[in-house]
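The structure appears right after this line, and notes come after that.
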Amino acid sequence: MTDRTERLIFDSASELVSTAAARFAATVATAQRERGLATVALTGGSNGIALLRALAVDSGAVDWSRIEIYWGDERFVPADDPERNELQAREALLDHVAVDPARVHAIPASDGAFGDDIDAAMRDYRRLVCHDTVFDVHLLGMGGEGHVNSLFPHTDATAEDDLTVVAVTDSPKPPPRRITLTFPVINASREVWFLVSGAEKAEAVAAAAAAASRHDWPCAGAQGTERTVWFLDRSAAADLPLS
């Protein structure tokens, strides 16, 4: 694990997103050049979806036919539920670029092949996301209490040190049922990127910078093997110590 962490601070969330989108395209291009394919984990949230919209505007910067796409977590709701990260990602980007459908790995919905059986759906995604899975970029949003993916403070999912994917049935943030990637696979990623804006996130950002316990502040437990990048607006960075 590396301690190479970057904290990039922007005047606005829009500047944060545009910079992250350009860097995402460049990082994907490098991975494709070096390994043939790029493998990424997408996130939802306002900044995560805004990044996808920005990539759709300049879609020619990425060879979409050579990218494996996964999600860091998903709400276990029907496929047409507007809360689904997959649906939002398709509307923002994936329906507008030449992705290979076989390389888009959505987390099953509650009305999909496994029906309402969240454990069967989780096991199917765990089969795809195994200990050999290495993301070139794992995108993360963050909640005010420091949750990333569906890893919330003081929960079994956040304490998981072995399994790569677990089901969450009592999420403190609605809806209660979710499927999430865990720290073993997040921290196997070459690069982990946080997209964080808003004053309500400042305490969590500072806790992560101070290497707090991941059980108290899950965001503090996520880092890439090569690089961890925090894209922050000034409000989110307000509690960081002055350097």
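The values are calculated or read from the model by the stated rules, or taken from the named source; none is laboratory data. In this text the structure is predicted, and so the values were computed from the model without any measurement. Positions of Cβ are backbone-derived with ideal geometry, glycine not excepted, and every protein chain shown enters the neighbour counts.
Regarding residue 115, is this residue exposed (fewer than 15 other Cβ atoms within 10 Å of the Cβ) and either modelled with pLDDT under 95 or in contact with a Ser or Thr (Cβ under 8 Å, 6 or more places away or on another chain) (or both)? Answer is no for this residue. With respect to residue 33, determine if the residue is farther than 22 Å from residue 231 by Cβ and assigned to a helix (DSSP H, G or I). Criteria met by residue 33.
Results for (1) in a helix (DSSP H, G or I); (2) among the basic types (Lys, Arg); (3) touching a strand residue (DSSP E or B) at 6+ places or on another chain (Cβ under 8 Å); (4) closer than 14 Å to residue 138 by Cβ, shown as yes or no for each residue.
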| position | (1), (2), (3), (4) |
| --- | --- |
| 17 | yes, no, yes, no |
| 22 | yes, no, no, no |
| 41 | no, no, yes, yes |
| 80 | no, no, no, no |
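Would you mind telling me which numbered condition in (1) over 24 Å from residue 52 (Cα atoms); (2) part of a loop (DSSP other than H, G, I, E, B); (3) hydroxyl-bearing (Ser, Thr, Tyr); (4) at pLDDT 95 or above residue 235 fails? Every condition holds for residue 235 apart from (1). For residue 173, indicate whether it is within 28 Å of residue 238 (Cα to Cα), buried (at least 16 other Cβ atoms within 10 Å of the Cβ) and among the charged types (D, E, K, R). In short, no. Residues in the stretch 105-164 that are among the β-branched types (Val, Ile, Thr), in a strand (DSSP E or B) and closer than 14 Å to residue 178 by Cα: 148 alone.
The residue that is farthest from the chain's Cα centre (by Cα), counting only those in the stretch 138-156 that are crowded, with 24+ Cβ neighbours inside 10 Å and among the hydrophobic types (A, V, I, L, M, F, W, C), is 151.
The number of residues in the stretch 82-104 being touching a strand residue (DSSP E or B) at 6+ places or on another chain (Cβ under 9 Å), touching a residue at least 12 places away in the same chain (Cβ under 8 Å) and part of a helix (DSSP H, G or I) comes to 5.
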